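Laboratory data are not the source of any read-out in this text; all were calculated from the coordinates shown. For clarity, every value in this text was computed on a predicted model and none was experimentally measured. Quick reminder, even Gly has a Cβ in these numbers, built from the backbone with ideal geometry, and neighbours come from all protein chains shown.
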């Protein structure tokens with residue numbers, strides 16, 4: 001069971017890392033161009049795909065509210081997410097390093113911390129507060145509209161277990 005969880009985690013992370021290459025494949029340029037640098041707030045789905053190995057911490061499905069504040073003239077962003085189910089939620093602030101794919105898309109990676117509302121009750125990112133690593137992609141698909149997808153890995157995110165939590169998110173945002 002543990003190896004199946006590891007395969008699922010690695011497959012999800014690989015898909016998130018490789019898919020942006022296909023989004024930006026047609027945008028080649030010999031000159032340096034600006035990165036996608038818009039801030040946004042969005043909402044979508046969230047799924048916790050790993051469990052802590054105990055009966056009360058199964059995988060979970062819910063939603064997310066996510067925002068990005070692009071720091072002007074810097075390749076970093078301040079991000080915040082609320083990951084929720086019907087039973088619990090977690091607030092996950094992060095700082096990311098953003099890499100340009102084309103003038104409308106970025107891939108990003110960073111770190112943060114999850115603050116779980118009801119400790120011991122499963123959320124998409126585990127059932128206790130924990131450090132979080134994140135990797136994702138975002139792309140403007142129409143004027144003022146962005147789609148995003150990311151994976152968040154909570155380190156030792158389950159009580160009574162050294163298991164990590166992996167949450168996959170996708171959503172649509174409005175730029176500001």
Please go through the range 77-100 and pick out each residue that is buried (at least 21 other Cβ atoms within 10 Å of the Cβ) and assigned to a strand (DSSP E or B).
77, 79, 81, 83, 89, 90, 92, 94, 96, 98
Looking at (1) farther than 17 Å from residue 60 by Cα; (2) surrounded by 18 or more Cβ atoms within 10 Å (Cβ to Cβ); (3) over 13 Å from the mean Cα position of the chain (by Cα), which one does residue 148 not meet, given that it meets all the others?
(3)
Single residue of the range 57-76 satisfying the filter (more than 15 Å from the chain's Cα centre (by Cα) and crowded, with 20+ Cβ neighbours inside 10 Å) that is farthest from residue 95 (Cα to Cα):
57
Between a residue in the range 103-114 that is free of Cβ contacts under 8 Å to residues at least 60 places away in the same chain and on the phi > 0 side of the Ramachandran plot and any residue that is part of a loop (DSSP other than H, G, I, E, B) and crowded, with 20+ Cβ neighbours inside 10 Å, which pairs come within a Cβ distance under 8 Å, given they are 6 or more apart or on different chains?
none
